[in-house]
1. Using a Förster distance of 22 angstrom, determine the FRET efficiency expected from the C-beta separation of Leu18 and Ala117, and round it to 0.05.
2. Counting only protein heavy atoms and using a 1.4 Å probe, what share of the accessible area of the chain belongs to carbon plus sulfur, as a whole percent?
3. Quick check: the angle from helix 108-119's long axis to the longest principal axis of the chain, C-alpha only, nearest 10 degrees?
4. Pull out the extension gain between Ile76 and Lys124, defined as 0.36 nm times the separation in residues minus the alpha carbon to alpha carbon distance; nm, one decimal.
5. Got a sec? What order do Ile37, Ile93, Ile98 fall in by accessible area at 1.4 Å, biggest, i.e. largest, first?
6. Karplus couplings for region 5-19 from phi (6.51 cos²θ - 1.76 cosθ + 1.60, θ = phi - 60°), rounded to Hz, Gly and Pro as x?
7. Hey, can you grab everything whose amide H is under 5 Å from the amide H of Ile70? Only 5+ residues off in sequence or another chain; H modelled, so Pro and N-termini drop out.
8. Cut-off 10 angstrom, C-alpha nodes, Gaussian network model of the chain. Which of Gly31, Gly99, Gly75 fluctuates the most?
Amino acid sequence: NKLTLIYGGGSVGLMGELARSVLAGSGEVIGVIPRRIHEMVEALQLTRLHVVENMHERKTLMYDLSDAFIVLPGGIGTIEEFFEVFTWYQLGIHLKPIGLLNIEGYFDELLVFLEKAVAEGFLKSGHRDVLVVEQCPETLVARLQAAEILYIDKLR
């Protein structure tokens, strides 16, 4: 799709595999990694690698470089980054599309939690509805690309 992957810069886990896959397909991959983590892990030969001082700088730069966000199944760090970018949307800091790749129902319980938050008045349904949730990567990317046009129109 001629998209650029912007990710945390590591070589392990799903994101490491995704980065290798994009590179193998001659895609562009930009990593943003804190210095401490960079010193601990094997580095991939990326299109570009930004080594920053801490996680706050990492998330800020990744956010600045990104046009949309896709959340893959992951651990607590993934969830923390998802909620931060989702909160930024809720606060009006950005209008960039946010997608969850819900492979094999990985995020089902999270989605139930968000629906409960809506039902109990802690989250507006319009904010919940901004999340693009798909099980198929190609469908998710296509929907986010279409959503990006809508989000950009909202900025005008």
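The values are calculated or read from the model by the stated rules, or taken from the named source; none is laboratory data. As the structure is a computational prediction, the values presented were derived from the model and not from experiment. So basically every Cβ, Gly included, is an ideal-geometry build from the backbone, and we count neighbours across all protein chains shown. These accessible areas exclude ligands, DNA and RNA; they are computed on the full protein's heavy atoms, side chains included. Shrake-Rupley method; radii C 1.70, N 1.55, O 1.52, S 1.80 Å.
1. Approximately 0.15, to the nearest 0.05.
2. Carbon and sulfur together cover 56 percent of it.
3. 40
4. Answer, rounded to one decimal: 14.9 nm.
5. Order by accessible area, largest first: Ile93, Ile37, Ile98.
6. 8, 10, 8, x, x, x, 10, 10, x, 4, 5, x, 5, 4, 4
7. Under 5 Å from the amide H of Ile70 lie the amide H atoms of Gly99, each far enough along the sequence or on another chain.
8. Largest GNM mean-square fluctuation: Gly75.
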